Amino acid sequence: MHKSGFTLIELMIVIAILAILAGMAIIPFTYYQKKAKAKELVNFARACIQEAVSYCINDSNFSDFDSLENCNISGNNTKYITNINVNVSGSCNNKITATATGTIGDTSFNATCSYDYNNDEITCTQPLSTS
């Protein structure tokens, strides 16, 4: 009589291959989860830039960006991000740049938004790992 089916060795080889593939996928998956959570940093940087631009519209010599409410969030935490900090530089008549940094787990990320006075547009980068 002819038996059909898989031997124990064949099943163990398939399970070993699946375990190796799953192990290789876990590291990139956790990084992309952290990066998705870090997109919140873009919101902080953009809010800071928008507030700075509104002040620059009223006063073209405004330069005290660190006093702005949306830029002054050092040390705050959200559900996913800890140690949030926003640094602002530039001038109203040229370019204003805000960089938001924060930590998710053991990884630090930063996102940068810039306002270009000549083109009158705000551009932002995706969050990038700094560690």
Original post:
Within the range 57-76, is there a residue that is of a type in the set (D, E, K, R) and within 25 Å of Q33 (Cβ to Cβ)?
Top reply: no
Original post:
Quick one: E69 ticks every box in (1) out of contact with any helix residue (DSSP H, G or I) (no Cβ under 8 Å at 6 or more places or on another chain); (2) farther than 17 Å from S114 by Cα; (3) among the acidic types (D, E) bar one, so which box is it?
Top reply: (1)
**OP:** Identify the residue in the range 78-105 that is within 23 Å of N119 (Cα to Cα), of a type outside the set (S, T, Y) and exposed (fewer than 15 other Cβ atoms within 10 Å of the Cβ) and, among all such residues, is nearest to the chain's Cα centre (by Cα).
**Re:** K95
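Yes/no per residue for (1) modelled with pLDDT of 90 or more; (2) farther than 22 Å from T123 by Cα:
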position: F29; (1), (2): yes, yes
position: K39; (1), (2): yes, no
position: A47; (1), (2): yes, no
position: E51; (1), (2): yes, no
position: F65; (1), (2): no, no
position: N77; (1), (2): no, yes
position: V86; (1), (2): yes, no
position: N93; (1), (2): no, no
position: T99; (1), (2): yes, no
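The values are calculated or read from the model by the stated rules, or taken from the named source; none is laboratory data. The shown structure was predicted, so the numbers you read here are calculated from the model rather than taken from an experiment. Neighbour counts run over all protein chains shown; Cβ positions are idealised from the backbone, glycine included.
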